[in-house]
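Inspection log for the structure reproduced underneath, given as structure tokens.
The values are calculated or read from the model by the stated rules, or taken from the named source; none is laboratory data. Keep in mind the model is a prediction, meaning the values are calculated, not measured. Positions of Cβ are generated from backbone atoms using ideal geometry, with glycine treated the same way; all protein chains shown enter the neighbour counts.
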Amino acid sequence: MKFDELLRLVGDEPVFFSSLLDVYGVSPRQASLQLVRWVNAGKLIRLRRGLYALNQPFRRIEPHPFLVANCMRKASYVSMQSALSHHGMIPEYVPVVTSVTTGRPEEVHTELYS
């Protein structure tokens, strides 16, 4: 698979899972190898295992932080000060996105917003 094909397939997506390439007939082994190469070349950003975003200048749509937060951790939802600020219920600026889940607590940082 060439990078131009990847851009054609996922160019309109803000973030994508590597499993999406299986749908288009790309073998998982070939997809994994190419994704690692493109991350090392700086064309993709690996957000977590299996979750990627296109790097600049290839990105057409800027991923919303809430979308990224929901994709980073399954069965989670944006909550607390992040949600209150988004809906204008508190006047403070909230620089980070806080999600709530029933799973183990963790703090996640990505290259996307650094």
- Considering only residues of the stretch 62-91 that are among the aliphatic types (A, V, I, L, M) and in a helix (DSSP H, G or I), which is nearest to the chain's Cα centre (by Cα)? Val68
- Query: With respect to the numbered conditions (1) small (Gly, Ala, Ser); (2) free of Cβ contacts under 8 Å to residues at least 40 places away in the same chain; (3) out of contact with any helix residue (DSSP H, G or I) (no Cβ under 8 Å at 6 or more places or on another chain), which one is the sole condition not fulfilled by Gly11?
  - Reply: (2)
- Residue satisfying condition, being in contact (Cβ under 8 Å) with a residue 12 or more places away in the chain, more than 15 Å from the chain's Cα centre (by Cα), surrounded by 11 or more Cβ atoms within 10 Å (Cβ to Cβ) and assigned to a strand (DSSP E or B), within set Val94, Val100: Val100
- Query: Being modelled with pLDDT under 90 and among the hydroxyl-bearing types (Ser, Thr, Tyr), is that true of even one residue in the stretch 103-110?
  - Reply: yes
- Quickly run through the stretch 3-32 and pick out the residues that are in a helix (DSSP H, G or I) and surrounded by 12 or more Cβ atoms within 10 Å (Cβ to Cβ). Phe3, Glu5, Leu6, Leu7, Leu9, Val10, Leu20, Leu21, Asp22, Ala31, Ser32
